[in-house]
Structure formats: structure tokens, C-alpha cells
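Below is one structure, written out as C-alpha cells; the observations come after it.
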Amino acid sequence: MDSYKDFLALNVATLAGRLKNLAILQEQIGIDHKAWQVREVGDGNLNLVFIVEGPKGAAVVKQALPYVRLVGDSWPLPLKRSFFEHHALTRQSQRDLGMTPKIFSFDEEQAIIIMEYLTPHVILRRALIEGRKIPDLPNKLGCFLARTLFRGSDLCMETKLRKADLALFSDNVALCDITETLVFSDPYYDAKLNRHTAPQLDGIVGQLRTDRDLKVAAQRLKHIFANMPETLIHGDLHTGSVMVTDHDVRVIDPEFAFYGPMAFDVGMLLANFWMSYFSQRGHEGPTPRDSMRRYLLKTIVQIWNIFRAEFSRLWHSERTGILYQRQLFEDQNDALGSAQALDQFLHGIWVDMLGFAGVEMHRRILGLAHNADFELITDPDMRAACETKALKLGRHLAVNRAQIHSMAEINALAERLETEIVR
Ligand code: SR1
Ligand code: MG
């Protein structure tokens, strides 16, 4: 374990005194630090997040802790994740302009990133739980996926730079280990930190843990996750990592970033929309949320379609890397060859993305890190009914992903599960 002898966690009482001399904060918030108002707002699993407000404006101060906040100091975690988050934000901000918060400063030793305070933004997951429909969301998210994944890969980057970057991010081992453990393995055996809605889900949990095809599929997906350094991925792109207003969409929190498979970001994101879909029944009250449910399924289709379209546009306009060189295709008047290669590339992402979506749904219901979509459903029978639907869809996606041909097919199954399983 690294030793952090000079590291000191911030708190509401000490923050202004400790950061008062930072020119960037004086500029953003005001020179008189005694007038700064500090709130701790972090509700994530890992870090401290403060909002600092003053006469001139506001900023967000995010600090990593040397352990997993959700679990406590029995689970140490390197502060260096803050370094990876900072570097990932820098790259994402260049690859898709305006889609990440502006970074004001980074202090590696104290693991502090100071960034733009996004207001009146809310976490997308919360907005969806409230039944809010966000304009332009599929376009923003579909393009973000395509641009960051394409532009960080050997399809586009100079390979020397990409390899140097791969080396830089290869040290994000502890955060990869969290995903490798919590997403791909823990849900499928009686792991220590697991929990689920009991006793309602006991039966299906037993079935999933003895489902040989599912366990093999999950391990194959783990193999791909750990051994396919295709591009710089966000690594934790769920609806809690997106902030929205009716006019803006931003992606935050890329501390899990590393060189991994493109399909992981796509699958994790879409899984969280499918979970939102299945959780709506638990939040709807007397007015059914049929229109919200239709919106969520349509959003999934649109994100995928926009991702494909933007990725294809980049394939034709920015394919400057060592892969699928133009000399072999377009420059020989072989546009069909380029189209064939693109189809094959996108098909690979499609198949793996479905698998990643499946295991993400499972881990949010069976593992350590649950999501508010289901957790905020107070009636355990209702929660379990919603969770059962997601578990079943997740199993289908993980196991049968190579035989699934369209979003329409998946969404038809989602609708069947949604209406057939009553509590
Ligand atoms: C111990 S960390 C649990 C989860 O929180 C993060 O947001 C990641 O999703 C991780 O798997
Ligand atoms: Mg996070």
C-alpha cells in the first residue's frame, strides 16, 4: 500500500483555509475566503465532493480518499485515481468539446481536482427516477461515445502517442480491479460484499449462480475487459456519471479510465437506461409512466443509432491511424472494403456491448454497488419485481448476445418482461 504521509482529507471547516491562496479559486469564488460557503455533496461510492460558493461564483472541489468511501478504510484505494481522472477529463474535453466540466486545477499530492460547478444540472439518474425526459440526450451521449472511443484508438491516434498513453493509464490497476471483481465475478457467487433484496430474490439469485452458461459468458466478458486495450474508455459510464439540464449534458467522473474495449462504455450506459426502464413501475404512483417507459426504450435505440452514425462519420473522415488504412481501401477505389471493415468493427462492438450491459444489470442488483433506481423503491416486493425483470434481460443479453440482431428484438423482450412479471 502506498503511504500518503502528506495527504490530508479536506472537510467543510478546513477547505477555505487550506485553498484560500489558490489564484484560480480567488478568481472564481472571490478573494475573501471568509465569505466562501462550503458544502460537502458527494454521494458517490469513492470520493469527497465539495461545492464552494462566494460573492463571485462557485467551483467544485473533488478529493479522492485513500480508501473506498462506501466501505471504509478496510478497503484501501490509491489516491492516484485522481491523476487518472484528471488526465481522462483532459483527453475527453479535446475529443468531444463541451461535454465535460472545465478543469481549473489539479493537485496530485492532495488528490484534488478543482472544476466547474455545473448548475442547475442534476445527475441524470435522479432526473430519470423523477420521470424527466431530457432533450437532446441521445445525440449528446451517442456522439460522446463515438468521439471519445474512436479518437482514443489506433483508428485515429498516432500509434506512438496512443502507446505512450496506454502505458500512462496502465497503472490504474486498483480501479480496474474493482470492476473486474464487482462486475464480472462477485454477482455469480456468494461473495462477501454482495447483497440483494431478500428473501424475494433468493430463488433467482440461486438460479443465476448455478447458471453455467451465464458464468462462462461473464468470464469471457471479463477476459475481453481486461485484455482488450482498444481505446481510452471512461470506465464507469452509468447514468450517475452524467449531469443534465434541459439544455445541456455533461459527462463526469472518469476515474476508472483505462485502455479497454470500446463496447464497455456503450454497454454500461445502455444497461443503466434499461434498469431505469424496469424501475419506473416502482416510482410511478397513481399515474402510470407509460410515456416515460416508451421514452427510455426509444432513447436506448437512439443512442445506439447515433453512436453508429457518428462512429461511421469518423471512420470516413478521421481514420488516420494504423488500423484499416485508407491505402488498402479508399485509395484503391475500394470503398466497399472500407464499408465491410466498418460493419465488422461495429458488429463486434454490438455483440460485446450487449454482454457488458447484461452483467452491469446483474451487478447493480446482486453485488456491492447498487443503484438508486431500484434502491429508492421502498416496497421490497415491488423492488424485487422490478429487479427480477432486469436480471432476466441481463441474463439474456450476456448469454445470447451473439444471436441478438436488433434493438427492436431486445426492447420487445423488455416490454414483455415489464408487463408479464407482476409482483
Ligand atoms: C467500490 S466502488 C463501487 C462502484 O462505484 C463506482 O461508481 C463504480 O461503479 C464501482 O463499481
Ligand atoms: Mg463515479
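Miscellaneous remarks
- Identification of helices (runs of 4 or more DSSP H) wholly contained in segment 307-407 with 3 or more residues that are touching a Pro at 6+ places or on another chain (Cβ under 7 Å) and not hydrophobic (A, V, I, L, M, F, W, C) yields 335-366.
- Test: residue in segment 90-104 that is aromatic (F, W, Y) and free of Cβ contacts under 8 Å to residues at least 24 places away in the same chain: no
- Count of residues meeting criterion [more than 19 Å from H238 (Cβ to Cβ) and assigned to a loop (DSSP other than H, G, I, E, B)] in segment 132-155: 6
- Here I113 fulfils each of the conditions (1) part of a helix (DSSP H, G or I); (2) hydrophobic (A, V, I, L, M, F, W, C); (3) buried (at least 17 other Cβ atoms within 10 Å of the Cβ) apart from (1).
- Taking segment 2-46 as the range and being at pLDDT below 95 and surrounded by 20 or more Cβ atoms within 10 Å (Cβ to Cβ) as the test, only L46 passes.
- Here is the figure for segment 51-75: residues that are closer than 15 Å to L8 by Cβ and either among the small types (G, A, S) or in contact with a Gly (Cβ under 8 Å, 6 or more places away or on another chain) (or both) total 1.
- Y324 vs. criteria touching a residue at least 40 places away in the same chain (Cβ under 8 Å), under 22 Å from T159 (Cα atoms), surrounded by 14 or more Cβ atoms within 10 Å (Cβ to Cβ) and hydroxyl-bearing (S, T, Y): yes
- Inside segment 196-213, residues that are surrounded by 20 or more Cβ atoms within 10 Å (Cβ to Cβ) and either without any contact (Cβ under 8 Å) to a residue 40 or more places away in the chain or part of a helix (DSSP H, G or I) (or both) make up a count of 2.
- Note on segment 147-161: residues that are more than 19 Å from F264 (Cα to Cα) and of a type in the set (D, E, K, R) amount to 2.
- Test: D32 is of a type in the set (D, E, K, R), farther than 27 Å from G152 by Cα and within 16 Å of ligand 1 (Cβ to nearest atom): no
One line per residue, one yes/no per condition, for (1) among the small types (G, A, S); (2) buried (at least 21 other Cβ atoms within 10 Å of the Cβ):
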| site | (1), (2) |
| --- | --- |
| A191 | yes, no |
| N194 | no, no |
| K215 | no, no |
| Y259 | no, yes |
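- The set of residues from segment 170-218 being over 21 Å from V399 (Cβ atoms) and within 16 Å of ligand 2 (Cβ to nearest atom) comprises N172, A174, L175, C176, D177, I178.
- Single residue of R395, R401, R364, R326 found to be assigned by TED's automatic domain parsing to the domain that holds M157, within 16 Å of ligand 2 (Cβ to nearest atom) and not acidic (D, E): R364
- Single residue of segment 237-257 satisfying the filter (surrounded by fewer than 23 Cβ atoms within 10 Å (Cβ to Cβ) and charged (D, E, K, R)) that is nearest to A164 (Cα to Cα): R250
- Across segment 35-82, the qualifying residues are those that are among the hydroxyl-bearing types (S, T, Y) and closer than 19 Å to A369 by Cα, and the one among them that is farthest from ligand 2 (Cβ to nearest atom) is S74.
The values are calculated or read from the model by the stated rules, or taken from the named source; none is laboratory data. In this text the structure is predicted, and so the values were computed from the model without any measurement. Every residue, glycine among them, receives a Cβ derived from its backbone with ideal geometry; neighbour counts consider all protein chains shown.
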